[in-house]
Amino acid sequence: MKIHTGEKPFSCHICKYQCIQKSHLQKHMKIHTGEKPFSCNICEYKCIKKSNLQRHMKIHTGEKPFSCNICEYKCINKSDLQSHMKIHTGEKPFSCHICKYQCIHKSNLWYHMKIHTGEKPFSCNICEYKCIKKDRLQRHMKIHTGEKPFSCNICEYKCVTKSNLQSHMKIHSGEKPFSCHICKYQCIHKSNLWYHMKIHTGEKPFSCNACEYKCIQKSNLQRHMKIHTGEKPFSCNICEYKCINKSDLQRHMKIHTGEKPFLCHVCKYKCITKSSLQSHMKIHTREKPFSCYICKYQCIRKSHLQRHMNTHT
């Protein structure tokens, strides 16, 4: 009857947690004491509840008893399947009262609200990095330790997270699951498609307060601002090269190491950057996306077109 009356007679003396049953309170207290009495006999996983351990063991057995009747999705938990089905129904029961954000999971809304409050409860004890989620901090810490536990079995790529490796493998498979409904653009990441769609809408929500520069991504604006400040925080430890972006320094270092991780599957061409490989592949496909509006000249690269235009001036 306490479910109907809303009565919660058991409360935690450390936080605001309240519950109906004494057993629930006893389990909750283990969060504060750090006690994890159930442990996996295969890996180092430990947990508070026996049911959590039983779910965890399915990772090792590969058992996925719950499957979607629309697509090939399979999972360990019934709750995960119920959440997955909302992808097919389009149901997003949780919505933000400040903006138009809607989502499938209550936890996603909880994290989203921190964008509005600016709250970042997890912070790095080495640098100034702060974040919303504990798992993001755990990933970040691997930057300091240099740990990259996930590696590609085709090339030398290594990374911090399993999701990054899964995304990387699509480079080898050629899979691009996300596509634009307006043009032929396809991509590996959903976030890339989201940013791409702003090209069609013309939306550039981030603007510079020093010049007229506007852009789609906040990170682009942050990089742009360094042009005005003259800041070049990344420097080469071999030569005098300095740059604004960490990614630019990583590409530069490959000049010194001789590393050329991107390979053409048609010929023996190798290169440092993905964009260079994409340009190269147009030689094989004979695609010439850049054309002169004065004459019939067409070319593979924008820089070639810019040089060509000088012949008309």
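The values are calculated or read from the model by the stated rules, or taken from the named source; none is laboratory data. All values reported here derive from a predicted model rather than from experimental measurement. Cβ: placed from backbone, ideal geometry, glycine included. Neighbour counts: every protein chain shown.
Would you confirm, using the coordinates I've provided, whether Ser276 is small (Gly, Ala, Ser) and surrounded by 14 or more Cβ atoms within 10 Å (Cβ to Cβ)? The answer is yes for Ser276. Residue count for the range 227-253 satisfying the condition of being in contact with a Lys or Arg (Cβ under 7 Å, 6 or more places away or on another chain) and either under 19 Å from Ala210 (Cβ atoms) or surrounded by 15 or more Cβ atoms within 10 Å (Cβ to Cβ) (or both): 5.
Conditions tested, residue by residue: (1) modelled with pLDDT under 90; (2) among the aromatic types (Phe, Trp, Tyr); (3) part of a loop (DSSP other than H, G, I, E, B).
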| position | (1), (2), (3) |
| --- | --- |
| Asn192 | yes, no, no |
| His196 | yes, no, no |
| His200 | yes, no, no |
| Cys211 | no, no, yes |
| Ser219 | yes, no, no |
| Arg223 | yes, no, no |
| Glu231 | yes, no, yes |
| Leu249 | yes, no, no |
| Gln278 | yes, no, no |
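With respect to Tyr213, determine if the residue is within 20 Å of the chain's Cα centre (by Cα), surrounded by 12 or more Cβ atoms within 10 Å (Cβ to Cβ) and among the hydroxyl-bearing types (Ser, Thr, Tyr). No. What number goes with the only condition from (1) surrounded by 13 or more Cβ atoms within 10 Å (Cβ to Cβ); (2) over 30 Å from Glu7 (Cα atoms) that Gly90 does not pass? Checking Gly90 against (1) surrounded by 13 or more Cβ atoms within 10 Å (Cβ to Cβ); (2) over 30 Å from Glu7 (Cα atoms), the one that fails is (1).
Entry remark, the range 25-63: residues being surrounded by 14 or more Cβ atoms within 10 Å (Cβ to Cβ), within 26 Å of Pro9 (Cα to Cα) and in contact with a Cys (Cβ under 8 Å, 6 or more places away or on another chain) number 4 in total.
Taking residues in the range 301-313 that are under 21 Å from Leu277 (Cα atoms), and partners anywhere that are assigned to a loop (DSSP other than H, G, I, E, B), the pairs with Cβ atoms closer than 7 Å and at least 6 places apart or on different chains are Leu305/Cys292.
If you go through the range 109-133 and pick out every residue that is more than 21 Å from Ser95 (Cα to Cα) and among the β-branched types (Val, Ile, Thr), you end up with 1. Scanning the range 64-78 for residues that are exposed (fewer than 12 other Cβ atoms within 10 Å of the Cβ) and out of contact with any strand residue (DSSP E or B) (no Cβ under 7 Å at 6 or more places or on another chain) yields a total of 5. For the range 257-265, does any single residue satisfy the condition of being under 30 Å from Gly174 (Cα atoms), in contact with a His (Cβ under 7 Å, 6 or more places away or on another chain), modelled with pLDDT of 85 or more and outside any strand (DSSP E or B)? Checking the range 257-265: at least one residue is under 30 Å from Gly174 (Cα atoms), in contact with a His (Cβ under 7 Å, 6 or more places away or on another chain), modelled with pLDDT of 85 or more and outside any strand (DSSP E or B). Checking each residue in the range 168-194 for being under 27 Å from Ile216 (Cβ atoms), exposed (fewer than 14 other Cβ atoms within 10 Å of the Cβ) and hydroxyl-bearing (Ser, Thr, Tyr) picks out Ser179, Ser191.
Within the range 133-167, the set of residues being in a loop (DSSP other than H, G, I, E, B) and either charged (D, E, K, R) or loosely packed, with under 13 Cβ neighbours inside 10 Å (or both) comprises Lys133, Gly146, Glu147, Lys148, Pro149, Asn153, Ile154, Glu156. Within the range 123-144, the set of residues being among the hydrophobic types (A, V, I, L, M, F, W, C) and over 18 Å from the mean Cα position of the chain (by Cα) comprises Cys124, Ile126, Cys127.
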